[in-house]
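This report refers to the structure that appears directly beneath it.
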Amino acid sequence: GPVEDVARFTWELYRPGGTVVSAAAQRHLTNFTPPSPSPFSWYGMGTFDLGWSIGGNLSAWGHVGDTYGYQSQTTYFPARPGVEGFALAVATNVETTNQAQPADATCHAYHALVAAMSGTPPPRCHFTVPHHFIGRCTCVP
């Protein structure tokens, strides 16, 4: 769907009091504790812990997508002191061997938006992808 609709859906799916699922289902979506010893501590019920895409110990939840010629990421950012919660959807028309573009755009857009909302200068951010799609967002003031 259009990124605006996907962002709106993501907002309603995760925000407190959202209209897509119950609060109990939201807790399942964002519970990233595996039921047994597992390397998948970054995946809840249909939801990724996408904190790596914005760096630090910040919370971000959503999902990524990758198919021929198309890559995407939709992310919900819960409110934190001084910053309102919001959702962001990124869609790209690109064919590469890694899924860096959506997370890279999310890294930069998130920090630019937070800076604008808080009235501070945006940091300088850099995004690297050592694996297929899980990368690292690093920012300095």
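Laid out as a table, the results:
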| quantity | calculated |
| --- | --- |
| Hits in segment 18-35 - residues which are outside any helix (DSSP H, G or I) and open to solvent by 60 Å² or more (accessible area, probe 1.4 Å) | THR19, VAL20, SER22, ASN31, THR33, PRO35 |
| Selected residue [over 27 Å from GLY1 (Cα atoms) and open to solvent by less than 70 Å² (accessible area, probe 1.4 Å)] from THR128, THR75, THR92 | THR128 |
| Any hit, segment 110-124, residues being assigned to a strand (DSSP E or B) and in contact with a strand residue (DSSP E or B) (Cβ under 8 Å, 6 or more places away or on another chain) | yes |
| Residue within segment 44-65 that is touching a strand residue (DSSP E or B) at 6+ places or on another chain (Cβ under 8 Å), open to solvent by 30 Å² or more (accessible area, probe 1.4 Å) and acidic (Asp, Glu) present | yes |
| Those residues of segment 85-109 which are modelled with pLDDT of 90 or more and assigned to a loop (DSSP other than H, G, I, E, B), in sequence order | GLY85 |
| Pairs with Cβ under 9 Å, 6+ apart, first in segment 11-34 and closer than 11 Å to TRP61 by Cα, second among the acidic types (Asp, Glu) and surrounded by 13 or more Cβ atoms within 10 Å (Cβ to Cβ) | THR30/ASP49; PHE32/ASP49 |
| Within segment 40-95, tally of residues that are of a type in the set (A, V, I, L, M, F, W, C), in contact (Cβ under 8 Å) with a residue 40 or more places away in the chain and closer than 18 Å to PHE9 by Cα | 10 |
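The values are calculated or read from the model by the stated rules, or taken from the named source; none is laboratory data. Predicted, not measured: the structure shown is a model, and the values here were computed from it. Heads up, the Cβs are rebuilt from the backbone with ideal geometry, glycines too, and the neighbour counts pull from every protein chain shown. Side chains are part of the model used for accessible areas, which takes the heavy atoms of the whole protein and leaves out ligands, DNA and RNA. Shrake-Rupley method; radii C 1.70, N 1.55, O 1.52, S 1.80 Å.
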